[in-house]
Amino acid sequence: MFADLHLHTNFSDGTYSPEELVEQARAQGLAAIGLTDHDTVEGCARADRASQSAGIEFIPGTELTAEQDGNELHILGYLIDTQNLKLLNEIARFQSVRQNRIREMVARLQALSVPLQAETVFSLANCRAPGRPHVARALVQAGHCATLDEAFERFLKKNRPAWVPKFKMSATNAIELIHQAGGIAVLAHPGLNRSDEVIPSMVEAGLDGIECFHTKHSASHSRHYLEIAARFNLVVTGGSDCHGLSKGKPLIGTVRLPYHYLETVKERAAERKTAAAAS
Ligand code: AMP
Ligand code: ZN
Ligand code: FE
Ligand code: FE
């Protein structure tokens, strides 16, 4: 039995609807999936229903963008209460930050004589958590760039002319936000962010787990982070980070997390809930 615990839908910058994602998971023979859209939990209810019909275990989640010592980090929250008011309020704030950032990026593009409208990006994104991939798709659709990669290389990558920095909460706040919503906090794809030096302070702040298996992790990355997980008593997670068809081939099912790791994730979440009830 295998799980894929890092997946995106069209409620953020993936291309699959929750139902399409679940159908892909079924085709891949996955026993469990975790939905981790950027800065939203909106897709969870539909993905949960579709998973139930398909006989797949569903783990609600989100992927929050945070910052520690100037480094961007992604923090996954699993088994959160998707109705938690504080979580929903904070998420609404991050979403409006995202929307304003799109307007600013479009203004920069216009100043570069690329006549793109923010409304074009919003209607293409059709979600509350739009991001750079949506701007890239709009640039390709309007014929300003041949590929998504070209859009990032010319305009959207960090320090390129249409790039706008994004407000980020601290890693500590992200961990607290996830905990108060009843979930566990997991550092996403540490091999991508080269974030080893921030791990001890995040553990201090209550980090529960680390994503050891990820599409962009080499076998030696995975071994390295499994060692770190053991050293800091962190649970181990993994997933493909599938964005549907937006980054070429759909990745769902290409990272297959052995189910026993998910058991440990659920045990840790239950411990957190017991501790929170006692305090
Ligand atoms: P944002 O949240 O708006 O900063 O956008 C982040 C998303 O953009 C993530 O899904 C990244 O995988 C994607 N992304 C970042 N850099 C690139 C790139 N060079 N090419 C394609 N996608 C990228
Ligand atoms: Zn994404
Ligand atoms: Fe990420
Ligand atoms: Fe992701």
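When N is the residue count of the stretch 194-242, what does its C-alpha Rg come to as a fraction of 2.2 N^0.38 Å?
1.09
Mind running the shape call on the stretch 1-95? Use the C-alpha gyration tensor, a ≥ b ≥ c as the square roots of the eigenvalues: rounded below 1.5 for a/c, prolate if a/b tops b/c, oblate otherwise. Intermediate values should be presented prior to the final figure.
Numbers: a/c = 2.07, a/b = 1.69, b/c = 1.22.
Verdict is prolate for the stretch 1-95.
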For the chain, longest principal axis from Cα atoms; helix 219-232 axis from its Cα atoms; angle between them, nearest 10 degrees, is 50
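Plugging the Kirkwood radius over Cα pairs into Stokes-Einstein for the chain, at a temperature of 10 °C and a viscosity of 1.306 mPa s, what D comes out in µm²/s? Let's see the in-between values first.
Working: Rh = 19.0 Å.
D, rounded to a whole number, is 83 µm²/s.
Please work out whether the stretch 123-164 counts as rounded, prolate or oblate from its C-alpha gyration tensor, where a ≥ b ≥ c are the square roots of the eigenvalues and a/c under 1.5 means rounded, while otherwise a/b larger than b/c means prolate and anything else oblate? If you can, show how the numbers build up before the last one.
On the way: a/c = 2.56, a/b = 1.23, b/c = 2.09.
Cα axes put the stretch 123-164 in the oblate bin.
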Given H placed 1.01 Å from N in the peptide plane, which residues other than close sequence neighbours of residue 40 have an amide H under 5 Å from its amide H?
63
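Would you compute, from DSSP H runs of 4+ residues alone, the mean residue ellipticity of the chain at 222 nm, taking -39500 (n - 2.57) per run and dividing by the full residue count, rounded to the nearest 500? It would help to have the intermediate numbers written out before the result.
Working: 11 runs with 124 residues, N = 279.
It comes out at -13500 deg cm²/dmol, rounded to the nearest 500.
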Take the Cα pairs of the stretch 224-276, get the Kirkwood Rh, then feed it into Stokes-Einstein at 20 °C and 1.002 mPa s and tell me D in µm²/s.
164
Take the Cα of residue 1, step 7 Å along the line toward its Cβ, and report every residue of the stretch 236-279 whose backbone nitrogen sits under 14 Å from that point.
257-267
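Largest first and in whole Å, what are the equivalent-ellipsoid semi-axes of the stretch 15-161 based on the Cα gyration tensor, each being the root of 5 times an eigenvalue?
With the √(5λ) rule applied to the stretch 15-161, the semi-axes are 30, 19, 14 Å.
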Any chance you could get the radius of gyration and Dmax over the Cα atoms of the stretch 89-152, in Å?
11.6, 38
Under the Karplus relation with 6.51, -1.76 and 1.60 and θ = phi - 60°, whole-Hz ³J(HN,Hα) for the stretch 113-125, x at Gly and Pro, equal 6, 9, x, 9, 9, 4, 4, 4, 5, 5, 6, 5, 5
In whole Å and largest first, what semi-axes does the C-alpha gyration tensor of the stretch 169-279 yield when each eigenvalue is scaled by 5 and square-rooted?
24, 16, 14
Using alpha carbons only: equivalent-ellipsoid semi-axes of the stretch 103-246, gyration tensor based, whole Å:
35, 17, 14
Could you work out how far the C-alpha centroid of the stretch 76-152 sits from that of the stretch 204-240, in angstrom?
29
Applying the Karplus parametrisation 6.51 cos²θ - 1.76 cosθ + 1.60 with θ = phi - 60° to the phi angles of the stretch 82-93, what ³J(HN,Hα) value in whole Hz is obtained for each residue in order, glycine and proline being reported as x?
6, 9, 4, 5, 5, 4, 5, 5, 5, 4, 4, 5
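Quick note: the coordinates plus some simple rules give every number you see, no bench work behind them. Note that the coordinates shown come from a computational prediction; the quantities given were computed from them, not determined experimentally. Note: ideal-geometry Cβ built from the backbone for every residue, glycine included; neighbour counts use all protein chains shown.
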